[in-house]
Every structure is written in C-alpha cells, then in structure tokens.
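To start, the structure under review is shown below, and the notes come after it.
The values are calculated or read from the model by the stated rules, or taken from the named source; none is laboratory data. Predicted model only: the values in this text are computed from it and were never measured. No Cβ is skipped: glycine too gets one built from the backbone with ideal geometry, and neighbour counts run over all protein chains shown. Ligands, DNA and RNA are stripped out before the accessible areas are found, and what is left, the full protein with its side chains, is counted by its heavy atoms. Shrake-Rupley method; radii C 1.70, N 1.55, O 1.52, S 1.80 Å.
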Amino acid sequence: MIKGVIFDLDNTLIDFVKMKEMAIEAAITAMIDAGLSLPREEIKKEIYKIYEEKGIEYQEVFQDFLLRKLGYIDYKILASGIVGYRRAKDFTLVPYPHTEYTLLQLIKRGLKLGVVSDAPKLQAYLRLCYLGFLNYFDCVIAYEDTQKRKPDPEPFLLALKKLNLKPEEVIMVGDWRERDIVGAKLVGMKTAFAKYGDTFNTKESNADYELNDIKEIIKIVDQENDLRNRH
C-alpha cells in the first residue's frame, strides 16, 4: 500500500535550471546597463565558473565575479546585478504544469507528502514558500538535516522517519537518476523518474515508473493501491 510520496525539489517540482538561466541573464544585462564594460559572454562564462567552483546555490557570486574581473567591488554594478537577478528569479520561479493539482489530489487520497532536496535548507523553504506549497508537505529534508547528499541513504531514511512510513509504502519522484532513483532504491522505496525535468538526457532511468507529466503519479498511486487491495 502506498501511503506517501517524496519529491525532489529542483527540476521535479520547479524548473530550477530555467529559473537560474533567466536570472543570470537578467543580472548580466543589469550590470552592463550600470556600466560594466565587459563582453556579455565573458561575464556569463565567469559567473558559471564561480558556480561550478562554489556550488549553484552560492550567494556571493556577483561579489566574487567583480573582485576577479575588476579587482574591487563596484557597488553600483553589484546592486544592479543583484536586483536584476532577484526580479527575474521571482518572475521565473514557477512550478511545472499540474504540480499543485497533483499535490492536492495526493493529499485528498490521504497520502503523506515529503521533499528530499540537496539544496540548502533556507533556499528549499524559500522556494516552497514562494510557490505556496509549504503547507502541502509533512516533511522537508534539506542538506543541513543530515549533512549528506543523495544518493546517501540518510536523507531518505530521515524522511521516512519523519513521515512514520516504511520504505515499501513510499514512492520517490526525482529527475536525477544517480541521486534520486539510486538513493531511493538503496533504502527500498519505489521510484518514479521525472522525465519532464531531466537535464542530463538520461537514456535508462532504471526507475519503476517514468513520468512525462507530474500528474501521472496520481494514476500510478491509484494503480499500486488498487492492486494491493485486490490481493
């Protein structure tokens, strides 16, 4: 019997890659408009390089960029970049189609819902809060909760503990095979690969199910529970 569904956050509930790309583009435009006289491509390359070195959630990327390129922080350019980034981020931080409908349908069926994300805790909560999804979830597990990243079993085990469910009672939905699918399988959960959010062009997900649309998880849960009820 499926009693819970755990979701990854970025590229499973929200299109994180699209949001990040558009926010960076807006920040670059704003910095150039504020007087930064460097080629657009060079700025972009350096910003992504800093993210690669320090992590995609690194909060002082523009400060580092200006220090590296100018040797000092021009606060007019910095402020313009940050505001440009934030405005675009707020505008483009949207859930995938049918996400809210799906969550509500699962809650209606009496399922417990959780999030297991490698994102920093505050960022995970901010994104869920911004989307208005915070109250839909019974638990949110982020990086600080275990100091471990998926596919390490610990984040998944902590989510199961908080939901008070057994691994076989839960389906994990995620877009990253090596982290979400492998990690969930290690602890004995069923898995659904969020094909719609896949940025790696994954050929073989090795998941129990593959989703072209998040709402397909509703039918899967219904089928799983119907089959169990018949036996």
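Quick notes
Conditions tested, residue by residue: (1) open to solvent by less than 70 Å² (accessible area, probe 1.4 Å); (2) farther than 30 Å from GLN105 by Cα; (3) of a type in the set (S, T, N, Q); (4) at pLDDT below 95.
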position	(1), (2), (3), (4)
LYS3	no, no, no, no
PHE7	yes, no, no, no
ASN11	yes, no, yes, no
PHE16	yes, no, no, yes
GLN63	yes, yes, yes, no
LEU66	yes, yes, no, no
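- Checking ILE28 against (1) under 24 Å from TYR136 (Cα atoms); (2) over 20 Å from the mean Cα position of the chain (by Cα); (3) crowded, with 18+ Cβ neighbours inside 10 Å, the condition it does not meet: (1)
- Note on the stretch 165-182: residues that are in contact with an Asp or Glu (Cβ under 9 Å, 6 or more places away or on another chain) and over 23 Å from TYR96 (Cα atoms) amount to 0.
- Residues located in the stretch 157-189, provided they are over 19 Å from GLN147 (Cα atoms), open to solvent by less than 10 Å² (accessible area, probe 1.4 Å) and acidic (Asp, Glu): ASP175
- The single residue among TYR51, TYR75, TYR143 that is open to solvent by less than 40 Å² (accessible area, probe 1.4 Å), hydroxyl-bearing (Ser, Thr, Tyr) and either at pLDDT 95 or above or touching a Gly at 6+ places or on another chain (Cβ under 6 Å) (or both) turns out to be TYR51.
- Check on MET1, over 26 Å from the mean Cα position of the chain (by Cα) and closer than 30 Å to GLU100 by Cβ: yes
- Extreme residue, farthest from LYS20 (Cα to Cα), among residues of the stretch 103-127 that are assigned to a strand (DSSP E or B) and open to solvent by less than 10 Å² (accessible area, probe 1.4 Å): LEU113
- Listed by first and then second residue, the pairs linking a residue in the stretch 191-205 that is within 15 Å of LEU13 (Cβ to Cβ) and touching a residue at least 12 places away in the same chain (Cβ under 8 Å) to a residue that is in a helix (DSSP H, G or I) and open to solvent by 40 Å² or more (accessible area, probe 1.4 Å), with Cβ atoms under 9 Å apart and 6 or more places separating them unless they lie on different chains, are ALA192/GLU216; PHE193/ARG177; GLY197/VAL17; ASP198/ARG177; THR199/VAL17.
- Taken residue by residue, the stretch 207-219 has no member that is hydroxyl-bearing (Ser, Thr, Tyr), modelled with pLDDT of 95 or more and open to solvent by less than 10 Å² (accessible area, probe 1.4 Å).
- One residue from LEU67, LEU93 being within 30 Å of LEU38 (Cα to Cα), in contact with a strand residue (DSSP E or B) (Cβ under 7 Å, 6 or more places away or on another chain) and not β-branched (Val, Ile, Thr): LEU93
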